[in-house]
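Undergrad: Here it is, the structure, as structure tokens.
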Amino acid sequence: MTARARRLLAAALAVALLPAGCGLPELTDLPLPGGAPAGPGYRVTAEFTDVLDLVPQAAVKVDDVTVGSVEKISLAGWTARVILRIDREVQLPANATAAVRQSSLLGEKYVTVTAPTTEPRRGRLADGDVIPLARTTRGAEVEEVLAALGLLLNGGGLAQLRTIDQELGRALDGREPAIRDALHRLDEFVGGLERQKADIVRAVEALDRLTGRLARQRQVVGEAVDALAPGMTTLARQRAQLTSALTALGELGRVGTRVVNRSRDDTLASLRSLKPILEQLVRAGDDLPKSLDFMLSYPFPPNVTGAIVGDFVNLSITADLDAASILANLVAAAPAPAGSATGGRTPGAAPPPTAGGSRPGARPDGSLPDLPLLKCLPDLTKFPTTWTPPKECQLPEGCQLLKPGSKVPVGGLILPKGIVPPGTAFPAGTELPAGTILSADCILPVTGAITGTVGGLTDILGGGLLP
């Protein structure tokens with residue numbers, strides 16, 4: 001039975017018990033419920049978790065003075081929204097509080113609006129403002145009071161509470177510091193959980209997605225677990241062996257540690273002794289592997305292995321019989337008469353190539369000799385992709401210089417270090433960009449007669465083939 005039904009029943013009983021000679025006032029003589037303002041007012045929305053049996057047209061009071069009425073009650077989710085119409089002359093702070101009260105034990109419900117008591121007043125309550133749940137309360141119902149009173153009078157749980165209190169006191173007696181420290185740690189733990197709330201939510205969501213995926217792959221997971229059964233059976237049968245192996249491994253670790261600890265000084269001394277040897281090996285650099293390679297073919301160089309066939313050695317000779325090269329070498333080697341018109345050198349003479357010069361055959365002042373062949377070199381600062389010497393250079397027809405990185409033609413020659421070797425149309429020692437490619441026409445053919453003497457390896461080692 002609701003509170004309103006009980007009030008109606010009580011009123012009916014009171015009417016029945018009244019003397020017959022007492023008359024009731026007419027219904028028209030009763031005042032209208034609520035306290036709607038006579039003039040214009042402003043509307044404020046108050047949110048409550050429970051409005052009990054509050055009805056529209058109920059009074060709105062400030063300091064027990066009716067200043068308005070309840071205009072409408074609606075529900076938004078689990079929150080009750082009560083629209084209050086308050087007289088415009090009533091001024092309230094913007095942070096006012098609201099509560100549902102009861103005029104008497106069986107009286108009607110009304111809403112009281114008051115200024116806050118725990119904080120200073122701020123602003124002014126205006127039309128359309130909202131009093132949130134944090135600033136609204138409700139009074140205790142008669143049923144709740146009577147139920148609590150009945151529990152108290154009937155001894156419901158009091159004896160148990162006394163026992164619990166006594167046992168709790170005995171448990172905490174003498175352990176106050178530990179309990180206090182535990183509470184502080186619990187507070188820190190809860191605070192940490194609060195700071196990591198977003199991470200925990202994401203982890204739970206990820207776990208939800210994982211469990212969903214596992215649920216969709218339940219059959220696959222079941223088959224995988226079934227397939228593990230034979231392996232687990234084998235491991236169970238070999239449990240003793242695995243245990244023995246792990247035990248032996250632990251013993252091996254202890255022995256190894258003992259050996260390393262005892263041989264530490266000797267190991268360090270050995271490493272210090274190796275330091276000079278390693279330094280000498282580093283200084284040797286590439287000489288050591290080259291010498292090892294030479295030892296395999298001693299007394300011949302490593303590239304002679306292709307020339308040795310059985311007990312014979314094939315000798316390959318490349319002869320440069322180009323007349324221009326011979327003439328250039330003869331002229332460069334000839335002494336210049338003193339006091340000549342050319343400043344102490346024979347016209348057209350060219351000195352031998354120097355290692356430091358950028359172009360071989362250059363004079364001390366940097367100019368080239370007057371031989372046509374030595375003037376036929378490309379500009380090294382602007383090396384073209386393909387350079388063809390002019391006809392006046394008298395180079396073989398078809399001789400070309402290709403830029404480094406170009407495709408090597410058939411029979412072409414690559415200059416890894418940029419130094420022209422003997423046997424080409426260019427003077428030996430001419431410096432070009434590293435990787436320059438000479439076409440096949442730039443390589444001079446071998447002319448003249450070559451004679452050789454046939455003999456065995458023992459003849460060569462004994463000097464029998466020497467003249």
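Undergrad: Which of the peptides 136-144, 165-173 is most tightly packed, and how do the rest follow, judged by the mean count of other Cβ atoms within 10 Å per residue?
TA: Going by the mean number of other Cβ atoms within 10 Å, highest first, we get 136-144, 165-173.
Undergrad: Now for a different question. How do Lys275, Lys403 rank when sorted from fewest to most other Cβ atoms within 10 Å of their own Cβ?
TA: Lys275, Lys403
Undergrad: OK, next. Lys and Arg at +1, Asp and Glu at -1: add these up for the other residues within a Cβ distance under 9 Å of Val130 and post the number.
TA: Its environment carries a net charge of -1.
Undergrad: Local charge sum around Trp78 (other residues, Cβ-Cβ under 14 Å, Lys/Arg +1, Asp/Glu -1)?
TA: Cβ neighbours under 14 Å give a net charge of -1.
Undergrad: OK, next. Give the shape of region 31-139 as rounded, prolate or oblate, defined through the alpha-carbon gyration tensor: a ≥ b ≥ c are the square roots of its eigenvalues, a/c under 1.5 means rounded, and otherwise the shape is prolate if a/b is larger than b/c and oblate if not.
TA: Rounded.
Undergrad: How would region 172-256 be classified by its alpha-carbon gyration tensor: rounded, prolate or oblate, with rounded meaning a/c under 1.5 and the a/b versus b/c comparison settling the rest?
TA: oblate
Undergrad: Going by the alpha-carbon gyration tensor, a ≥ b ≥ c the square roots of its eigenvalues, is region 97-221 rounded (a/c under 1.5) or, if a/c is not under 1.5, prolate (a/b greater than b/c) versus oblate?
TA: oblate
Undergrad: Over 26 Å between Cα atoms, which of Lys290/Lys417; Lys290/Lys382; Lys382/Lys417; Lys72/Lys109 qualify?
TA: The answer is Lys290/Lys382.
Undergrad: Roughly how far apart, in whole Å, are the Cα centres of region 94-126 and region 267-281?
TA: Result: 92 Å between the Cα centres.
Undergrad: Right, another one. How would you rank 384-391, 104-111, highest first, on the average number of other Cβ atoms within 10 Å across their residues?
TA: Answer by packing, highest mean first, reads 104-111, 384-391.
Undergrad: Ranked from highest to lowest mean number of other Cβ atoms within 10 Å per residue, what is the order of the peptides 424-431, 227-234, 395-402, 77-84?
TA: Highest to lowest by the protection proxy: 424-431, 395-402, 77-84, 227-234.
Undergrad: Suppose every Lys and Arg Cβ carries +1 and every Asp and Glu Cβ carries -1, with no other charges. What dipole size does region 31-139 come out with about its Cα centre, to the nearest 20 debye?
TA: For region 31-139, the charge dipole is close to 160 debye.
We did not get these values from a lab; they are worked out from the coordinates using the rules stated. Predicted model, so just to flag it, every value in this text is computed and none were measured. Glycine gets a Cβ as well: all are built from the backbone with ideal geometry, and neighbour counts include every protein chain shown.
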